[in-house]
Amino acid sequence: MRRNWLPLLLLILAAGFTPSTGFASPATFVTALPVALDQILARMDANTSMAASELEYAQFPVSVALGATSSLALFVTFQASLTSLKQNGQISTSSGMNDTLVFGRYTLYKKDWPNGTLRLAPLAGAYLPSGSNTLSNSSGLLAGPLQTGTGTLDPYVGLTFGANTARYGAASDLTYRWNPAAAHGVSPGDILRADGEVERRLLPVHLPAEGLPKELWFVLETNLIKNRSGKLDGRPDPNSGGFTWNGAATLQLPTLRWELGMGVLLPIVQQFNGTGAIRESKGLITFFEFYLSAPSLSGVRRKL
Amino acid sequence: MLWPSAALALPQPVPAASLAQTKPANDKSFQRVTEQLRGVFSPRSFFNILVRIDKLPGVVRAKFDLKKSQLTLDFLPGVVVSPEEIRNVMVDAGYTPGPFKIENIPVSAPPDNRPGWINIKHPRSRSAFVRWLEINF
C-alpha cells in the first residue's frame, strides 16, 4: 500500500509548494522540527512588523514539543500578540493570548543514511479557543486581524516532509485548519496552508574531520495561505478571506543544545476578497530554541 | 547505500552474534563502541542521540563526529554493553541503527584527546527534579 501512495504524496508536495523540507528548523512553521524520545524542544519566536503600515504587529509564539515515543512527537504552541490597525485616521489596538495549537506528529516513513535523512509524517490536532473573536471598542467589533482567536475549537490536520544532508536541507508541510462559524463575533474561514523551506550550510565550507563544528545556515522559506471567506455574527462576510504568499530569508546558528535564527518576512502576494482589505508589511522574525532531556517514561512508551 | 560517504573508514560491521561473544571488559580495560550513524546531519541531530546516551548506564563520554557521521562511546571499566542497548539508543532517538563495533581498550592505553568528546553526566541525587536539572544545565 505504501508504495502506491507515497510517490504521489511526494510529488504533490514537491510540485505544489516551492521547496519542501525535512525535519530541519524552519523559521515560519514548527511542524517539521525534529524531536526524539524523551526530548523536550522549546522554541521562542518574536515576529514583528518592520515598516509603518496600516497593520503593525508583534507576535510571540512559544512552542514546546515532547518526544512521546521515537516516532510520535506532541506539540503545543502558545502565542501572545499585540496588533495595531490604522484605518480612516483611527487607530485600534488589541493584545492578549491567541488560540493555542496542540497537535501530534507521527513519523510514518523515514529513510536514514550517513549524513542524511528523509522523513514523512502526518499530524493532527486542534486550535483551542484561548483567544477571543469578540474583541470590540466603542465603534463595535474590531476588525478580523485584531481578533486573537476564532471562538471555536478548530480541528487541524496536515502532512510534513523533510530531507536533509550535512550541506543541504529542505522541508515542507501542508496543513488545513477547519474554523467552524461562531454564533457571535468574527469567524475566519478555513485555512489551507503550504509551507516550504530550503537551506544550505554556509559555514564551515568544509566540515572538520573530527568533532562538531559551529555552523551557519542560510534558509529560504515560502508560505502559501488560502483563507476561505468567514462569517460575522454567524452571517457570511464577503469582505473576508483571500490568498497570501509570503517569503522569508533567515540566517541560523545551530549548536548541539540550542539554535538561533533571524531574518526577514516579505509579503509577495496579497489578494483579498471584497473591500477594505488590510495588508501586511514586511516583518522581522527571530527565534531561539533549545533542547532538554525529559524525565524518562520510556519503559512504558517503548511498547507503544 | 544512498550516500557516497557511507563508505567511511569504519571497520566492517560485526554481526550481532559475534558481538554478544565479545570478551567482557574487566577492571583493567573499558569498552569502546564505535557506530556509523544514519540520518544524523547537523549538531542538533546529535542532541537527539545525547538524550538517549544520558540514560545509558556506565557511559562516561561520547564523541560526535559530523563529517564521519560517527558516534564513539567510552564506558566505565568493568561495564559490559550489549548490542541491543546500542541499537535501542538509535531506535529511541528516531534513527535507523547503523553498523557498530565494540572494542575492549586497556585502561593504560594512551588517552584519545581528539576533538568532539563530551563528558556524560550521571546525576545521583535522590530528587528526580534535581537530577533533571543536573543533566540539563
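Quick check: is even one residue across the range A:153-169 in contact (Cβ under 8 Å) with a residue 40 or more places away in the chain, more than 17 Å from the chain's Cα centre (by Cα) and over 19 Å from B:S69 (Cα atoms)?
No - not one qualifying residue is present in the range A:153-169.
For the range B:81-88, indicate whether the set of residues that are of a type in the set (S, T, Y) and either in contact with a Ser or Thr (Cβ under 8 Å, 6 or more places away or on another chain) or within 16 Å of B:R44 (Cα to Cα) (or both) is non-empty. No: the range B:81-88 contains no residue that is of a type in the set (S, T, Y) and either in contact with a Ser or Thr (Cβ under 8 Å, 6 or more places away or on another chain) or within 16 Å of B:R44 (Cα to Cα) (or both).
All of B:S29, B:S82, B:S45 fail the test of being among the small types (G, A, S), surrounded by 15 or more Cβ atoms within 10 Å (Cβ to Cβ) and more than 12 Å from every other protein chain (Cβ to nearest Cβ), apart from B:S29.
Looking at the range A:206-224, can you tell me whether even one residue there is acidic (D, E), within 14 Å of another protein chain (Cβ to nearest Cβ) and on the phi < 0 side of the Ramachandran plot?
Yes, that holds for at least one residue.
Restricting attention to the range A:38-78, the residues that are among the small types (G, A, S) and either assigned to a loop (DSSP other than H, G, I, E, B) or in contact with a His (Cβ under 7 Å, 6 or more places away or on another chain) (or both) add up to 6.
Taking the condition of being more than 8 Å from chain A (Cβ to nearest Cβ) and either under 27 Å from B:R44 (Cβ atoms) or buried (at least 16 other Cβ atoms within 10 Å of the Cβ) (or both), how many residues in the range B:68-78 meet it?
Residues that pass the stated criteria total 7.
Residues being surrounded by fewer than 22 Cβ atoms within 10 Å (Cβ to Cβ) and assigned to a helix (DSSP H, G or I) are entirely absent from the range B:98-108.
Out of contact with any His (no Cβ under 9 Å at 6 or more places or on another chain) and modelled with pLDDT under 95, is that true of B:D112? Spelling it out, B:D112 is indeed out of contact with any His (no Cβ under 9 Å at 6 or more places or on another chain) and modelled with pLDDT under 95.
With the condition being acidic (D, E), I'd like the strands (runs of 3 or more DSSP E) fully within the range A:79-193 carrying at least 1 qualifying residues. Walk me through it before giving the result.
On the way: elements: A:90-97, A:100-106, A:109-113, A:116-128, A:154-165, A:168-177.
Ranges flagged: A:109-113, A:154-165, A:168-177.
For B:W132, the conditions (1) without any contact (Cβ under 8 Å) to a residue 12 or more places away in the chain; (2) crowded, with 21+ Cβ neighbours inside 10 Å all hold with the exception of (2).
Does at least one position in the range A:236-245 carry a residue that is more than 24 Å from B:S42 (Cβ to Cβ) and crowded, with 22+ Cβ neighbours inside 10 Å? There is at least one residue in the range A:236-245 that is more than 24 Å from B:S42 (Cβ to Cβ) and crowded, with 22+ Cβ neighbours inside 10 Å. In the range A:250-297, the qualifying residues are those that are within 25 Å of A:L82 (Cα to Cα) and modelled with pLDDT under 90, and the one that is surrounded by the most Cβ atoms within 10 Å (Cβ to Cβ) is A:E280.
The values are calculated or read from the model by the stated rules, or taken from the named source; none is laboratory data. Since the structure is predicted, the reported quantities are computational estimates derived from the model, not experimental observations. All Cβ positions, even for glycine, are placed from backbone atoms using ideal geometry, and neighbour counts span all protein chains on display.
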